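Q: Attaching a single structure in structure tokens format; questions to follow.
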Amino acid sequence: MSEQFYSDARLYDRLFPGGKQSLDFYGAEADRHGGRVLELGCGTGHKLIPIASAGHPCTGLDLSPQMLTEARRKAIARGVAVEWLQGDMRDFDLGRTFDLVFIAANSLLHLQGADDLVGCLRSVRRHLAPGARLVFDVFNPSVLMLARADGVRRRRDELSFVDPDRGVVHVDVEETYDAAAQVTAGTWYFSTDAEADFVVAPLVMRSIFPQELPLLLTLGGLRVVERFGDWSRAPFTADAELQLYVCTAD
Ligand SMILES: C[S@@+](CC[C@H](N)C(=O)[O-])C[C@H]1O[C@@H](n2cnc3c(N)ncnc32)[C@H](O)[C@@H]1O
């Protein structure tokens, strides 16, 4: 459903250049656990390329060939070796284990059904070496945020960015929340002053609520070691923006 959104990888990188805090967090996790690192839904390598630059052997798996092409290009330009694999995190078998598996920036929320999520977590479990960790972040769905998904197209000024070829790009988003499925179906419109809606792309994301996440992890055969509410490792609270988990299979 969201493949088209990721089909223009350079546009994605300009829209979401990536925050330093999340980069530092995942970099610190790689340093803490050491060894081989696997990122699922690695995108264009925003986190994995710096982790590989720090000396960790890295593998990135993503569904999107376009995101992987851009990741490969960026890694080569920086002289960094990363193994890039096209695959589906819902069910994968790489035939080896890792010391850290991570799923960053809400990538897990592209899996909509409980079966898909549990399938992913079980696949992760099979890839964890003894003592290894799964670390991931997903947003904490607030009722206020979900109430804004009312089917109305709105300009999101905070998402505007400059594209070297097109100039200033404006972003409008129209979202509808299906409370039964816990899924937000969005349409993202990209426009310049000269060209309205030069890209229109759907983006679908599930919400996972704080009380259901530990249950999904248990079904996946994983145990929660730590849960944070932000990148500074503050405890998770009701108004936290993030659900940031560290899990183990042990
Ligand atoms: C929000 S982006 C995050 C990219 C990267 N992790 C980052 O931090 O910048 C989500 C990524 O998940 C990938 N993705 C979506 N569904 C997937 C699936 N079933 N298996 C593997 N990757 C998937 C998308 O192609 C996209 O690259």
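Q: Got the relative contact order for the range 55-161 handy, in percent, Cα pairs under 8 Å and 6 or more residues apart?
A: Details: 105 pairs, mean separation 26.7, N = 107.
It rounds to 25 percent for the range 55-161.
Q: Size of the dipole of the range 117-164 about the Cα centre, Lys and Arg at +1 and Asp and Glu at -1 on the beta carbon, nothing else charged, in debye to 20?
A: On the way: 9 positive and 5 negative charges, 60 e Å.
For this selection, approximately 280 debye.
Q: Right, here's the next one. Which one of 124, 55, 146 is farthest out on the positive end of the charge dipole of the range 54-172, using unit charges on Cβ (Lys, Arg +1; Asp, Glu -1) and the Cα centre as origin?
A: In the range 54-172, that residue is 55.
Q: Using the basic label-point model (7 angstrom from Cα toward the beta carbon), what is the residue 223 to residue 14 distance in nanometres?
A: Going by the 7 Å Cα→Cβ label model, 4.9 nm.
Q: Another one. Dipole of the chain, Cα-centred, from +1 at each Lys and Arg C-beta and -1 at each Asp and Glu C-beta, to the nearest 20 debye?
A: For this selection, approximately 740 debye.
Q: Nothing charged except the Cβ atoms of Lys and Arg (+1) and of Asp and Glu (-1): what's the magnitude of the dipole of the range 58-153 about its Cα centre? Round to the nearest 20 debye. Spell out each step's value before the answer.
A: Working: 12 positive and 11 negative charges, 55 e Å.
Dipole about the Cα centre, nearest 20: 260 debye.
Q: Just want the answer: with Cβ charges of +1 for Lys and Arg and -1 for Asp and Glu, which residue in 87, 186, 168 is farthest toward the dipole's positive end in the range 80-193?
A: 87
Q: Under a plain spin-label model, where a point goes 7 Å from the Cα along Cα-to-Cβ, how far apart in nm are residue 178 and residue 126?
A: Spacing of the two 7 Å Cα→Cβ label points: 2.8 nm.
Q: Using helices alone, I'd like the mean residue ellipticity at 222 nm for the chain: each DSSP H run of four-plus residues gives -39500 (n - 2.57), total over residue count, nearest 500.
A: Working: 7 runs with 65 residues, N = 250.
Rounded to the nearest 500, the figure is -7500 deg cm²/dmol.
Q: Let me ask another. Simple spin-label model, 7 Å along Cα-to-Cβ: residue 194 to residue 238 in nm?
A: Each label point lies 7 Å from its Cα, and together they span 5.1 nm.
No lab work stands behind these numbers, since they all come straight from the coordinates. None of the values given here were measured: they were computed from a predicted structure. So basically every Cβ, Gly included, is an ideal-geometry build from the backbone, and we count neighbours across all protein chains shown.
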